[in-house]
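A.B. asks: Below you will find the structure I want to go over with you.
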Amino acid sequence: MKPCRNKLDPLDVEALASGAGPLQDPGAAEHAEACPACAALVQEARRVADELATLAPVPEPPLDLAARVLRLRPFSRREHLSLRIWAPPAALSAGLFGTGLTLLTSPALSGREQVGLGASALIPLVGVLRALARWAGEVARFAPAGLESLSAALRQEQALGIAAAFLFVPAVFGLRRVLARARR
Amino acid sequence: MTAEEASLADEELVRRVLSGEEELFGVLVRRYQTRIHAHVARMVGNRDDALDLTQEIFVKVFQALSRYNPEFKFSTWLFRIAGNAAIDHLRKRRPRTVPLEQPATAGDREGVSTFEYKSSGPDPFSELRNTERGQAITRAIAGLPPEFRELITLRHFTGLSYEEIAEIKQMPLGTVKNKLFRARAVLKEWLSGEMS
């Protein structure tokens, strides 16, 4: 094959191979038709494009991808403002708080038990208020008696124990989200 | 996914997700997950990274859904976010890309994972040759700068038109063609040894 003295621009070779119009020389298509050397270049470029099309497909993503995305997604603005989401845990927390207060002020409990229960209710806050050493000291002083009273009360009132277990429901939901994010 | 949900247009699904039916976002994810994952996988060249990135892209899209302009196609917007995320990922990872002016050698592209090449015949020699050629093409693509790699992926693997690519990349049509043909010319040069 005779080499071409007026070789096509590489961009036009690719353009013609892709079936698009030339970018550099408007007469490139006519030239390629008349010149076997340039036609061979276009043919070779077409072969590369065909090779690209025959690459094996990428494996499919897992079927549960959508479920994972829905689990990982943040709350939407509407959800943040929605009573439907916050009302149940808020009502549950308020109910438990109210029940706790009622129990604490119940005349059936002795003064010592009331103090013990009150102190044990503060135990979960210790983690948050660690810096306040004075508070932590007081709670630590009352904790053994408080735990004893709480355990006794739970033994006597199983319904109270079941109600207390519900406290974990919102915590479990929160924990699931945190774990899902950590896994990501 | 119900038949009714599957038949809904993307824009309608977005509108309903924004108006409170968040679970419908799953329909959009299922509709595009294969294409986005394939696009990202071709861009980053690693299946695990691609999977994490695909997940991240859809979470990002959910967060940005209120900023989506329904005058444009949802898929265009989605591919734009996916492409930007993949390019960011590649920049953070500092891949070994090779300037377009300079041919890449096998050493330049070491460590780039490849996808298998589709075999068409039972002949083991042809199969091996096909695999090697496929790997060479994948390595050559991985050696391109991210922006050129994205254009090749969008055009040849995702099958988008030049006009759609121009819209996704927010570039003039001529620029898209110019860059794409340049990238292909370099690929052809790199692969000339393999093809002969």
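A.B. asks: Let me spell it out: the conditions are (1) at the interface with chain A (Cβ under 9 Å from one of its Cβ atoms); (2) crowded, with 24+ Cβ neighbours inside 10 Å; (3) of a type outside the set (Lys, Arg), and residue B:43 meets all of them except one. Which number is the exception?
C.D. replies: All conditions are met except number (1).
A.B. asks: Mind checking which residues of segment B:163-196 are more than 7 Å from chain A (Cβ to nearest Cβ), in contact (Cβ under 8 Å) with a residue 12 or more places away in the chain and over 13 Å from residue B:83 (Cβ atoms)?
C.D. replies: Scanning segment B:163-196 gives B:179, B:180, B:183, B:186, B:189, B:190, B:194.
Residue by residue, here is whether (1) aromatic (Phe, Trp, Tyr); (2) modelled with pLDDT under 90; (3) touching a Ser or Thr at 6+ places or on another chain (Cβ under 6 Å); (4) buried (at least 16 other Cβ atoms within 10 Å of the Cβ) holds:
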{"position": "B:27", "(1), (2), (3), (4)": "no, no, no, yes"}
{"position": "B:54", "(1), (2), (3), (4)": "no, no, no, yes"}
{"position": "B:64", "(1), (2), (3), (4)": "no, no, no, no"}
{"position": "B:75", "(1), (2), (3), (4)": "no, no, no, yes"}
{"position": "B:82", "(1), (2), (3), (4)": "no, no, no, yes"}
{"position": "B:86", "(1), (2), (3), (4)": "no, no, no, yes"}
{"position": "B:91", "(1), (2), (3), (4)": "no, yes, no, no"}
{"position": "B:114", "(1), (2), (3), (4)": "no, yes, yes, yes"}
{"position": "B:117", "(1), (2), (3), (4)": "yes, yes, yes, yes"}
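A.B. asks: What are the residues in segment A:54-92 that are free of Cβ contacts under 8 Å to residues at least 60 places away in the same chain and over 30 Å from residue B:35 (Cα atoms), if any?
C.D. replies: The answer is A:80, A:81, A:82, A:83, A:84, A:85, A:86, A:87, A:88, A:90, A:91.
A.B. asks: Continuing with the same structure: Any chance segment B:14-24 includes a residue that's of a type in the set (Asp, Glu), assigned to a loop (DSSP other than H, G, I, E, B) and outside the structural domain of residue B:156 (by TED's automatic domain parsing)?
C.D. replies: yes
A.B. asks: Could you check segment A:27-91 for helices (runs of 4 or more DSSP H) lying wholly inside it with 3 or more residues that are facing chain B (nearest Cβ under 7 Å), closer than 30 Å to residue B:41 by Cα and under 24 Å from the mean Cα position of the chain (by Cα)?
C.D. replies: By residue number, A:65-72.
The values are calculated or read from the model by the stated rules, or taken from the named source; none is laboratory data. Just so we're clear, the structure is a prediction, and the values are computed from it rather than from any experiment. In this analysis, Cβ positions are derived from the backbone assuming ideal geometry, glycine residues included, and neighbour counts consider all displayed protein chains.
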